[in-house]
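A short worksheet on the structure shown next.
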2 protein chains.
Amino acid sequence: MTAATRVPHPYYPLDLVLDNYVPNTNSMKETLTILFSTFGVITVGALVLAHGKRHSTLKGFASQSTFLWFTMCGFIHFFLEGYWGINHANIAADQTVFGQIWKEYSLSDSRYLSNDSFILIMENITAFAWGPLSFYTAWAMYNNKPGRHITQLIVSLGQFYGCVLYYLTTMVEGSPHCDPHPYYYYFYFGFMNIFWMIVPLILLHNSIKTIYRAMKASLAAEAAGTKHKKSK
Amino acid sequence: MTAATRVPHPYYPLDLVLDNYVPNTNSMKETLTILFSTFGVITVGALVLAHGKRHSTLKGFASQSTFLWFTMCGFIHFFLEGYWGINHANIAADQTVFGQIWKEYSLSDSRYLSNDSFILIMENITAFAWGPLSFYTAWAMYNNKPGRHITQLIVSLGQFYGCVLYYLTTMVEGSPHCDPHPYYYYFYFGFMNIFWMIVPLILLHNSIKTIYRAMKASLAAEAAGTKHKKSK
């Protein structure tokens with residue numbers, strides 16, 4: 001194909017070759033409505049579940065919203081990002097609902113259409129490691145399991161590290177993969193991802209504090225045990 | 001500069017442009033001798049330190065070698081990788097000892113000379129986050145501090161995730177940045193990095209087990225406290 005016969009597309013950088021690209025049939029509005037309605041349904045479902053434990057394991061606003069966070073992360077990572085992980089090679093031509101969501105999002109970051117190797121590995125780890133571990137963390141919160149803060153720490157660190165790499169790998173190059181229009185750059189690329197930097201930081205802090213307290217008690221108990229043994 | 005006047009270099013892919021490249025003055029043997037002698041000195045130093053605690057906080061082979069591991073990681077991350085992080089833009093022309101080590105290593109992965117954005121961010125995080133946290137973990141082991149397993153978990157997960165991304169981002173492309181010669185591919189690229197996948201996995205397992213036990217005891221104590229309160 002010569003430059004003149006390349007398939008035209010709206011993605012950045014403008015000289016990116018996406019010859020299997022097929023434009024979305026759903027409008028941006030339809031795609032966003034589908035996406036955010038699904039988020040709405042998950043939110044309601046999670047909060048209904050959480051409501052049943054409001055006097056026991058999920059007491060207070062922080063616990064309720066953390067439970068919602070991990071349930072939402074589980075769905076987004078495992079299903080939305082997992083779909084991308086499996087079908088990444090052909091997303092530019094994909095007309096399914098998920099495919100159209102990814103083509104809409106890719107306006108803010110064409111690496112999702114161009115088989116970028118960093119996005120490929122990071123998204124697969126996010127989908128198939130952090131996804132199930134997010135569900136586990138929500139389940140462990142609900143049932144007050146001792147593993148909860150361990151996976152909360154692991155998932156949060158993984159999300160934070162992934163997100164730092166995600167932003168900076170293109171930003172250090174001057175964000176060539178991003179449509180510079182503020183809607184795409186600041187809303188899709190910036191705002192829609194910044195949650196995975198802010199919330200993980202809060203949850204990391206929270207888990208580190210909780211684990212630190214338990215480790216301190218455990219060391220104190222051990223020291224008391226040793227002393228006790230010695231004094232016998 | 002036309003293709004004919006490009007500065008020739010031994011790196012892969014062969015058409016990589018490295019016009020500021022200056023060949024090492026130290027031979028491969030000299031560079032490796034300097035590197036491994038330094039590792040030797042750090043090993044001896046760490047083991048001398050660890051020896052003093054062999055009956056208390058660093059009892060047994062596992063503790064002694066974990067202490068050595070984190071001390072070594074601290075030095076490698078903070079100094080060797082930190083040097084790269086700060087001077088990455090001009091490594092191809094760098095004739096310092098560190099510069100020559102990096103040019104030798106880059107035979108197995110030219111992304112260290114070509115300002116690859118993933119390597120840039122990952123190495124800076126490794127150097128300036130995992131580096132100091134490795135030293136902290138060694139210090140916390142030595143002094144039996146409650147934070148030890150928290151940072152052990154954080155550093156190990158960060159190293160493991162970083163290493164998975166490191167290997168796979170070039171391997172999914174067919175390792176175009178690596179000299180295919182087995183010495184460079186299997187010894188430098190493969191063997192010299194695989195430690196950061198194997199050891200972190202063992203240490204993650206170890207920290208998760210230890211923290212899990214402490215969290216379980218803490219939940220049991222809490223439950224006993226609640227029962228006690230209720231029964232009054």
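The values are calculated or read from the model by the stated rules, or taken from the named source; none is laboratory data. Nothing here was measured: the structure is a model prediction, and the numbers come from that model. With ideal geometry, Cβ positions are generated from the backbone for all residues, glycine too; neighbour counts draw on all protein chains shown. Accessible surface areas use protein heavy atoms only, side chains included; no ligands, DNA or RNA. Shrake-Rupley method; radii C 1.70, N 1.55, O 1.52, S 1.80 Å.
Within the range A:167-189, the residues that satisfy the criterion of being hydrophobic (A, V, I, L, M, F, W, C) and facing chain B (nearest Cβ under 10 Å) are A:L168, A:M171, A:V172.
Among the residues of the range B:133-144, is any over 27 Å from A:Q159 (Cβ atoms) and without any contact (Cβ under 8 Å) to a residue 60 or more places away in the chain? Among the residues of the range B:133-144, at least one is over 27 Å from A:Q159 (Cβ atoms) and without any contact (Cβ under 8 Å) to a residue 60 or more places away in the chain, which makes the answer yes. Applying the criterion of being in contact with a Ser or Thr (Cβ under 7 Å, 6 or more places away or on another chain) and facing another protein chain (nearest Cβ under 10 Å) to the residues of the range B:110-129, the residue that is surrounded by the fewest Cβ atoms within 10 Å (Cβ to Cβ) is B:S117. Inspection of the range A:150-166 finds no residue satisfying the criterion of being open to solvent by 10 Å² or more (accessible area, probe 1.4 Å), farther than 20 Å from B:A129 by Cα and within 8 Å of chain B (Cβ to nearest Cβ). Output the residues belonging to the range A:196-228 that are of a type in the set (S, T, N, Q) and either within 9 Å of chain B (Cβ to nearest Cβ) or surrounded by 13 or more Cβ atoms within 10 Å (Cβ to Cβ) (or both). Answer for the range A:196-228, where residues must be of a type in the set (S, T, N, Q) and either within 9 Å of chain B (Cβ to nearest Cβ) or surrounded by 13 or more Cβ atoms within 10 Å (Cβ to Cβ) (or both): A:N206, A:S207, A:T210, A:S218.
Answer with yes or no whether B:E104 is assigned to a helix (DSSP H, G or I), touching a residue at least 40 places away in the same chain (Cβ under 8 Å) and within 14 Å of chain A (Cβ to nearest Cβ). No, not satisfied.
I'd like the residue in the range B:130-149 that is at the interface with chain A (Cβ under 7 Å from one of its Cβ atoms) and part of a loop (DSSP other than H, G, I, E, B) and, out of all such residues, is surrounded by the fewest Cβ atoms within 10 Å (Cβ to Cβ). Only one residue fits best here, namely B:N144.
Answer with yes or no whether B:D15 is within 20 Å of B:Q95 (Cβ to Cβ), in a loop (DSSP other than H, G, I, E, B) and among the acidic types (D, E). No: the conditions fail for B:D15. On the given criteria, is A:I208 in contact (Cβ under 8 Å) with a residue 12 or more places away in the chain, closer than 24 Å to B:S218 by Cβ and assigned to a helix (DSSP H, G or I)? Considered against the rule, which asks whether it is in contact (Cβ under 8 Å) with a residue 12 or more places away in the chain, closer than 24 Å to B:S218 by Cβ and assigned to a helix (DSSP H, G or I), A:I208 comes out as yes. For the range A:24-37, taking the residues that are in a helix (DSSP H, G or I) and free of Cβ contacts under 8 Å to residues at least 12 places away in the same chain, the one that is least open to solvent (accessible area, probe 1.4 Å) is identified as A:S37. Does B:N193 satisfy being without any contact (Cβ under 8 Å) to a residue 24 or more places away in the chain, away from chain A (no Cβ under 11 Å), under 29 Å from B:K29 (Cβ atoms) and under 18 Å from the mean Cα position of the chain (by Cα)? In short, no. The single residue among A:L47, A:L113, A:L68 that is at pLDDT 95 or above and under 16 Å from the mean Cα position of the chain (by Cα) turns out to be A:L68. Do we find a residue being acidic (D, E) and either outside any loop (DSSP other than H, G, I, E, B) or open to solvent by 50 Å² or more (accessible area, probe 1.4 Å) (or both) anywhere in the range B:86-96? The answer is no; no qualifying residue exists.
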